[in-house]
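As structure tokens, the structure follows; a few thoughts come after it.
The values are calculated or read from the model by the stated rules, or taken from the named source; none is laboratory data. Quick caveat, the model's predicted, so the values are computed rather than measured. Here the Cβ is made from the backbone with ideal geometry for all residues, glycine too, and neighbour counts use every protein chain on show. The protein model used for the area step is the full one, side chains on, heavy atoms only, and it has no ligands, DNA or RNA in it. Shrake-Rupley method; radii C 1.70, N 1.55, O 1.52, S 1.80 Å.
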Amino acid sequence: MKEKLYIIKIGGALIDDEELLEQFLEQFAEIQEKKILVHGGGKLATTLADKLGIEQKLVNGRRITDKDTLDIVAMVYAGGINKNIVAKLQQKKCKAVGFSGADANLIKAKKREHAEIDFGFVGDITEKSVNRKLISKLLKLELVPVFSAITHDKKGHLFNTNADTIASVIAQALSVKYDVELLYCFDKEGVLEDVNNPESVIKNISEEEFSILKEDGKLHKGILPKLENALGAVKNNVNKVFLIKETQLKNHIENHHAGTEICL
Ligand SMILES: Nc1ncnc2c1ncn2[C@@H]1O[C@H](COP(=O)(O)OP(=O)(O)O)[C@@H](O)[C@H]1O
Ligand SMILES: CC(=O)N[C@@H](CCC(=O)OP(=O)(O)O)C(=O)O
């Protein structure tokens, strides 16, 4: 039987809220099984770019990343946010170690080529981009990897890569060796039938149901890339994938099945 591994992704709104982040990291530190944390931070990057007068543009949830924006996201994601999370986890006796994809060549990306839109320094990744052996070695040492949304091409360039995608491809790569459960933690109770009604959680979503919900106009903005990445994970052998509210992490792990489960 494969050993259990939790891969947990957190995003912008949580990272921006000191109290919520603290509560979340306490729950994360308590997880006894092997675990990996992946974080975004898009909200903070936008706030800093606005302060510096650098206009930001997102297409389908992906940030157009020119050189100035790349400088900002590298500082914000791989610098401030990553090191802050690692320090807070160390305080909670969790042996966290922070990485960008460039560190030890853990995640190698290819610059996004798009016929119509120039995304700039945005990196695309697949399961093969991930250095599975080295991540497994780190886990064996009882270390807890914390990944930011920065990758590289091994030719000296950094790239900005969506954090939901990073969590999905790491989960796919490590499913060869581990019984992976991928948890997308965000600010809603799960995927909602009506985004304004927290009681309208949809318990299970398959690819077919995803298409129907999309056609019915029930999914907007950030939830779309999150669901696409979640579906990509289940299609590529990740055992369990859930979208849950960030405050429900402990409850989900102890009692099982909070939020929305993504199925084949
Ligand atoms: N049907 C839906 N159910 C849940 N969230 C939805 C739905 N439609 C749109 N959303 C939006 O998607 C957001 C989550 O995406 P995003 O803000 O990108 O998360 P993160 O920054 O954590 O990755 C929610 O806060 C919500 O506003
Ligand atoms: C290419 C791309 O879009 N990268 C994302 C990476 C950060 C991210 O994913 O942050 P959240 O999880 O907080 O949304 C961005 O710069 O917004």
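Cβ-Cβ contacts under 7 Å between residues 6 or more apart (or on different chains), taken from a first residue in segment 1-24 that is of a type in the set (Gly, Ala, Ser) to a second residue that is open to solvent by 40 Å² or more (accessible area, probe 1.4 Å), are listed as Gly12/Lys43; Gly12/Leu44; Ala13/Lys43; Ala13/Asp187. Counting the residues of segment 99-118 that are out of contact with any strand residue (DSSP E or B) (no Cβ under 9 Å at 6 or more places or on another chain) and either β-branched (Val, Ile, Thr) or open to solvent by less than 40 Å² (accessible area, probe 1.4 Å) (or both) gives 0.
For Cys185, the conditions (1) in a strand (DSSP E or B); (2) more than 11 Å from ligand 1 (Cβ to nearest atom) are fulfilled apart from (2). Counting only helices (runs of 4 or more DSSP H) that sit wholly inside segment 1-78, those with at least 2 residues that are over 23 Å from Gly190 (Cα atoms) and touching a Leu at 6+ places or on another chain (Cβ under 7 Å) are 67-73. All told, Asn229 meets the bar of being of a type outside the set (Gly, Ala, Ser), within 14 Å of ligand 2 (Cβ to nearest atom) and out of contact with any His (no Cβ under 7 Å at 6 or more places or on another chain).
Restrict the check to segment 75-92 and report whether at least one residue is over 22 Å from Val146 (Cα atoms) and touching a residue at least 12 places away in the same chain (Cβ under 8 Å). Within segment 75-92 (the criterion being over 22 Å from Val146 (Cα atoms) and touching a residue at least 12 places away in the same chain (Cβ under 8 Å)), the answer is no, since none of the residues qualifies. Within segment 207-244, track down each residue that is in a loop (DSSP other than H, G, I, E, B) and open to solvent by 20 Å² or more (accessible area, probe 1.4 Å). The answer is Asp216, Gly217, Lys218, His220, Lys221, Gly222, Asn236, Asn237, Asn239. Closer than 15 Å to Ile10 by Cα and open to solvent by less than 10 Å² (accessible area, probe 1.4 Å) - does that describe any residue in segment 185-198? Looking through segment 185-198, at least one residue is closer than 15 Å to Ile10 by Cα and open to solvent by less than 10 Å² (accessible area, probe 1.4 Å). Within the bounds of segment 162-177, is there any residue that is surrounded by fewer than 20 Cβ atoms within 10 Å (Cβ to Cβ) and away from ligand 2 (no atom under 13 Å from the Cβ)? The answer is yes, given that some residue of segment 162-177 is surrounded by fewer than 20 Cβ atoms within 10 Å (Cβ to Cβ) and away from ligand 2 (no atom under 13 Å from the Cβ). Criterion applied to Lys133, Lys203, Lys128 was being open to solvent by 70 Å² or more (accessible area, probe 1.4 Å) and within 28 Å of Ile64 (Cα to Cα), and the one residue passing it is Lys128. Taking (1) farther than 27 Å from Phe24 by Cα; (2) touching a residue at least 12 places away in the same chain (Cβ under 8 Å); (3) away from ligand 1 (no atom under 16 Å from the Cβ); (4) of a type outside the set (Val, Ile, Thr) in turn, Lys218 satisfies each apart from (3). Can you tell me which residue is farthest from ligand 1 (Cβ to nearest atom) among those in segment 75-98 that are buried (at least 20 other Cβ atoms within 10 Å of the Cβ) and closer than 19 Å to Gly42 by Cβ? My answer is Gly98.
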